[in-house]
Amino acid sequence: MELTTWVAAFAATGRIGPIHVAADAASVEAFGAPLDAGAMARGGGGSSRSWTLLYGDLEVVLCGCREVAMIRASTWRDIARLPHPGTGEPLHLPGRPAYDDVVAALDAIGCTWRFDPQDESEGHCAIRTEPACVDLAFTTDEGPRPLLREAIADGYAQERGCRCRPPSRIDRSATARRRTGRG
C-alpha cells in the first residue's frame, strides 16, 4: 500500500477501519493495544480528561465520554508508521508525499476537496475533503513542492463533538448553579 492511497481513503471517508470521529472506545480497541497512551486534563468545563492513544504515527484522541474526538495521521517523517485500515497491523510507508501526488490520489477515487484558506499561512497550506471534513496540511517551505505534514479529522472543529461537549457548548447556568449550591 502507498501512503497516498492510505491518506486518500482516510480523507474520503474520515475513517481508518472501524475508527472515526464520534466512534466509541471499543472501535479503537479493534486495533489492539496502542504503542503509547496518555491522559490530558482539559480546562473550561465538560469532562476533565481526554486520552491520547498512539499507533505509530496515528494519534487517536478519546474525549471524557470515551468517544473519538480527533484522529491525526502524521506523514512528515521519512517513513510513516500507520496501521493497516483493515487489520490494524503496522505499515511502514515512505512518508512526505507531495501535494500533486496526494491530490491525484484523491481525484482517482472521486474524493471532493477544496482549498482551506483559514489554514493558509507562510510556509503552510491546506485542503479539506468533503463531506468527510478531513484536513490535509502541507508544508510549503521545504522545497519546490508542498509536502503533506498531516491529515486530521477533528470532531470539535467539525461541530460533531461528543456527549461531554467542547467548552463552547457548556451550559454556563448549570455550572453556576452547582458552584452556588442552587440546583
Put a dot 7 Å past each Cα toward the Cβ at D78 and R49; how far apart are the dots in nm? 3.9
Relative contact order (%) - the stretch 85-147, alpha-carbon pairs under 8 angstrom, separation at least six: 27
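Rounded to whole Å and sorted largest first, what semi-axes of the equivalent ellipsoid does the C-alpha gyration tensor of the stretch 61-119 yield via the square root of 5 times each eigenvalue?
Values: eigenvalues 104, 71, 34 Å².
They are 23, 19, 13 Å, listed from largest to smallest.
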Just order 125-137, 86-98 by mean Cβ neighbour count inside 10 Å, highest at the front, would you? 125-137, 86-98
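Rounded to the nearest whole Å², what accessible area per residue is found for the stretch 1-102 with the 1.4 Å probe? Don't skip to the end; give the middle numbers.
Values: 4540 Å² over 102 residues.
Value returned for the stretch 1-102: 45 Å² of accessible area per residue.
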What order do you get for 49-59, 8-18, 140-150 when each peptide is scored by the mean count of other beta carbon atoms within 10 Å, highest first? 8-18, 49-59, 140-150
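The values are calculated or read from the model by the stated rules, or taken from the named source; none is laboratory data. No experiment lies behind these values; they were computed from the predicted model shown. Cβ sites come from the backbone with ideal geometry, for glycine too, and all protein chains shown count toward neighbours. The accessibility values were calculated without ligands, DNA or RNA, using every heavy atom of the protein model including side chains. Shrake-Rupley method; radii C 1.70, N 1.55, O 1.52, S 1.80 Å.
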